Amino acid sequence: MLRKIKRVLVANRGEIAVRAIRAVRELGGESVAVFSEGDKNSIHKDLADFSVCIGPAPSSKSYLSIPSILSAIDLTNADAVYPGYGFLAENSHFASICERSNIKFIGPSSKTLSLTGDKAAARQAAIEAQVPIISGSPPVEDVKEALEFASKIGYPVLLKAAAGGGGRGMRVAHNEQEMVRLLPVAQREAEASFGDKRVYIEKYILNPKHIEIQILADEYGNVIYVSDRECSIQRRHQKLLEEAPSPFITEEVRKKMGEAAVRFAKHVGFTGAGTVEFLVDKDMNFYFIEMNGRIQVEHPVSEMITGVDLVSWQLRIADGQKLGIRQSDITVDGHAIEFRINVEDPETFAPSPGTITKLFLPGGYGVRVDTHIYQGYTIPPFYDSLIAKLIVWGKTREEAIERGKRALKEFIVEGVKTTIPFHLRTLEHPQFLSRKYDTSLVDKEFLKTR
Ligand code: ADP
């Protein structure tokens with residue numbers, strides 16, 4: 001139960017707003033939903049105890065508008081704010097205003113966020129915490145410096161925005177000519193997307209796996225890892241399906257990665273729920289890529305195999321409570337897979353917003369659906385295309401895959417196109433079944449056939 005926090009304003013929308021409202025209620029708190037004019041038909045505003053309209057549909061004028069969110073907090077007397085993922089979740093400026101205004105930001109301190117949000121600074125922190133990183137440069141000033149550095153580490157290299165996120169602002173250069181051409185493109189894109197044109201260079205790892213570690217840390221120095229997640233099913237560096245535990249790494253590597261993640265989290269003074277992301281090569285060498293100081297879309301797979309309610313712990317930690325679980329209490333039971341159901345064409349991934357004319361959500365043993373959609377709901381075109389997360393659990397990976405197929409087949413969404421057929425194809429793919437897939441699988445195997 002919450003002791004200090006009474007009323008939480010949920011500064012988000014969609015499934016994660018619903019997820020947070022549920023957790024607040026289960027802990028005896030009150031919730032405030034905020035919604036834009038484009039989200040008047042959203043269910044999260046009906047599920048919360050209170051709701052406030054925060055402005056026009058474009059997120060820059062509503063969910064991303066700090067003055068609007070602060071006014072809503074003031075108006076409703078909320079004493080804490082839950083940012084979810086995206087929008088203001090990793091905005092250190094917003095977190096610092098909350099700190100100064102005596103509003104509890106449910107996440108790490110603004111100081112930690114400004115460090116984890118800057119990939120170049122985070123790489124430096126990883127070195128200090130003795131966590132392996134990919135060879136790379138500090139942010140480069142110009143093409144000359146970039147060429148010099150790339151020739152030292154060898155092509156191909158990846159140009160990455162220091163302030164990057166969501167797979168945006170990344171470019172692969174295979175040789176000098178490409179570097180000359182792509183550096184200004186990457187810098188322009190970084191400036192346009194993040195208001196920060198700093199770009200750095202990293203060795204491009206061929207066909208890596210993306211494996212990440214879930215962290216929970218309280219305000220008293222207790223830090224634990226709550227399972228790893230395999231997120232290598234990606235299209236253009238964006239995750240589509242995640243599973244836990246990773247079917248690839250050994251117990252020994254798993255433990256080493258967990259401990260490295262804890263070291264990093266402690267080093268940056270992290271509190272709350274966060275994720276340390278790694279790339280893993282074929283020989284199971286792992287390299288830090290970044291820490292996300294917030295809840296991740298794919299957190300439910302960790303919850304399903306450990307029984308740890310991560311959002312509930314985020315709230316309790318922010319409430320000043322001690323982490324009541326030790327590392328030795330965390331045990332893994334079975335296997336879980338999450339399918340991101342997006343309103344997108346399953347072949348081309350082009351967005352497909354519209355009205356849901358018929359809906360049936362799958363259920364039964366080992367099936368969880370986190371969603372905000374309902375029959376008759378019109379999906380607004382302004383926000384991301386995630387409409388539901390289907391999470392399945394099985395005693396073994398094979399059982400989870402069979403349950404996943406069953407649940408995907410009974411999931412009825414009519415009126416819009418969704419990624420359900422894509423997931424069914426993934427579950428039949430020999431490389432997926434043999435556990436040997438990496439981040440190149442979707443781009444190589446699924447998109448070439450079009
Ligand atoms: P973002 O914050 O934009 O999501 P990340 O640093 O988390 O960016 O990387 C996203 C994805 O990009 C990774 O999961 C991986 O597929 C790919 N990636 C990132 N860095 C490298 C690298 N050095 N070599 C190969 N692939 C990479």
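For segment 103-155, the Kirkwood estimate of the hydrodynamic radius, built from every pair of different alpha carbons, is 13.2 Å. Full extension of the segment from GLU259 to TYR374, taken as 0.36 nm per residue of separation minus the current Cα-Cα distance, would add 37.2 nm. Here is the tail figure for segment 209-446: Cα pairs spaced more than 23 Å apart come to 50 percent of all pairs. Distance between the modelled labels on LEU433 and ASP49, one decimal in nanometres: 5.1 nm (7 Å Cα→Cβ projection). Within segment 407-450, the proportion of C-alpha pairs whose separation exceeds 14 Å stands at 55%.
Please compute, over every Cα-Cα pair in segment 41-164, the percentage with a separation greater than 18 angstrom. Every Cα pair in segment 41-164 considered, those over 18 Å come to 65 percent. Evaluated at q = 0.11, 0.20, 0.25 Å⁻¹, a Debye calculation over the C-alpha positions of segment 1-81 (equal weights, vacuum) places log10 I(q)/I(0) at -0.24, -0.78, -1.17.
Taking a quarter of the surface of the Cα convex hull of the chain gives a mean projected area of 20.2 nm².
Computed from the alpha carbon atoms alone, the convex hull of segment 286-364 holds 221 Å³ per residue.
Taking a straight line from the alpha carbon of LYS144, these aspartates and glutamates sit under 14 Å away, with near neighbours fewer than eight places off in the same chain left out: GLU176, GLU178.
Ordering ILE133, SER312, ASN222 by Cα displacement along the dipole of the chain toward the positive end leaves SER312 in first place; charges were set at the Cβ atoms of Lys, Arg (+1) and Asp, Glu (-1). Which listed residue (PHE286, ALA244, ILE16) has the Cα farthest towards the positive end of the charge dipole for the chain, taking +1 on Lys and Arg C-beta and -1 on Asp and Glu C-beta about the Cα centre? The residue sitting most towards the positive pole is ILE16. For segment 1-109, lysine pairs separated by 8 or more sequence positions, or belonging to different chains, with Cα-Cα distances below 21 Å total 5.
A straight Cα-to-Cα reach below 26 Å connects LYS255 with the lysines LYS119, LYS203, LYS209, LYS239, LYS266, LYS282, LYS322, LYS395, LYS436, residues fewer than 8 places away in its own chain not being considered.
Ranking of ARG188, ARG198 by neighbouring Cβ atoms within 10 Å, starting from the fewest: ARG188, ARG198.
In plain terms, the residue of PHE94, PHE286 with the fewest other Cβ atoms within 10 Å comes first and the most crowded comes last, giving PHE286, PHE94. Counting other Cβ atoms within 10 Å as a rough exposure proxy, the listed residues LEU216, LEU433 run LEU433, LEU216 from fewest neighbours to most. The phi-based Karplus calculation (6.51 cos²θ - 1.76 cosθ + 1.60; θ = phi - 60°) puts the 3J(HN,Hα) values of segment 296-307 at 9, 3, 8, 4, x, 5, 5, 4, 5, 9, 10, x Hz, whole numbers, x for Gly and Pro. Inter-part distance, segment 255-327 to segment 340-387, computed on C-alpha centroids, equals 28 Å. Working note: Cα atoms of segment 135-203, range along each principal axis, descending, whole Å: 29, 20, 18. Would you work out the Kirkwood radius for segment 179-282? I mean one over the mean of 1/r across all pairs of different Cα atoms, in Å. So the Kirkwood estimate lands at 15.7 Å.
Laboratory data are not the source of any read-out in this text; all were calculated from the coordinates shown. Note that the coordinates shown come from a computational prediction; the quantities given were computed from them, not determined experimentally. Methodologically, a virtual Cβ is constructed for each residue, glycine included, from the backbone with ideal geometry; neighbour enumeration extends over all protein chains shown.
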